[in-house]
Amino acid sequence: MDLITGQEIILRQGRVKDAVMATIAVPGIFPPQTWGEYELVDGGMSNPVPVSVARGLAPGLPVVAVVLSKPPEQGVELPFTNPLSPIPVLERISRLRLAQAFNTFARSVLAGGRLLTEMRLAVEKPEVIIRPDVDHVGLLERVDVHEIVQFGEEAARRQLGEITALEGWPSKMVGRLNLDRFFKRRKK
């Protein structure tokens, strides 16, 4: 997302490193990435699960969305990990009034982001939603990559029936490669 205009920017060319730096530019934590006239931050600020972008890049194919949060439930506390706590000196600082204000701000952003995610999912309706159980993982926390991958694999397995039930997606994929063959098969 461009901080200057608030618009979603889809990067289709340039260096992968620059795109990754823009993707991890979380406001208040990592600085924006300058890209031409844009000041880019994580696109999740405006489009946390970019179903529309996926559909634009591959029209006609089903979208399997990976959502890193559980849907908000009435009366259930949002999981929140203090982004300052993994670093010992910052953990002590986190007890200060300014840090407490930052935590309040971060919790508000988390709640708003979850609501935006659910609203976009309701509007854009991906064919399948996969939700790995990673709510407990903090933004700056050290993680065991193998454990995180396992969470993703388990979530994908839970949705495997829905994924394999996507009607005709293999033929749609072939159709993108050979449209005449695709349309003949669909007419039968």
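Between amide H atoms placed 1.01 Å from N, distances below 5 Å from VAL66 occur with ILE130, all of them 5 or more places distant or on a separate chain. Just so you know, the Rg over Rh for the range 1-43 is 0.91, from Cα atoms, with Rh as the Kirkwood radius.
When you count, for each residue, the other Cβ atoms within 10 Å and take the mean per peptide, how do 23-35, 142-154 rank with the highest first?
Values: 23-35: 15.1, 142-154: 10.8.
Ranking the peptides 23-35, 142-154 by packing returns 23-35, 142-154.
On the basis of the beta-carbon distance and an R0 of 35 Å, SER52 and ALA101 show a calculated FRET efficiency of 0.55. Annotation: peptides 121-129, 11-19, ranked by per-residue average of other Cβ atoms within 10 Å with the highest first, follow the order 121-129, 11-19.
State the extension gain, in nm to one decimal, for the chain segment bounded by SER108 and GLU127, taking 0.36 nm per residue of separation less the distance between their alpha-carbons.
Values: separation 19, 0.36 × 19 = 6.84 nm, distance 2.92 nm.
3.9 nm is the gain from fully extending SER108 to GLU127.
Each label point was placed 7 Å from the Cα along the Cα-to-Cβ direction; for GLU153 and ILE10 their separation is 3.3 nm.
For the range 1-51, carbon and sulfur atoms together expose 58% of the accessible surface, with a 1.4 angstrom probe and every protein chain in place.
Sorting ARG131, ARG114 on solvent-accessible area from highest to lowest, probe radius 1.4 Å, gives ARG131, ARG114. A cut-off of 5 Å between modelled amide H atoms, ignoring neighbours fewer than 5 places along the same chain, links GLU39 with LEU3, ILE4.
The values are calculated or read from the model by the stated rules, or taken from the named source; none is laboratory data. If you're wondering where the values come from, they're calculated on a predicted model, not measured in any experiment. Positions of Cβ are generated from backbone atoms using ideal geometry, with glycine treated the same way; all protein chains shown enter the neighbour counts. Calculation scope for accessible area: heavy atoms of the full protein, side chains included, ligands and nucleic acids excluded. Shrake-Rupley method; radii C 1.70, N 1.55, O 1.52, S 1.80 Å.
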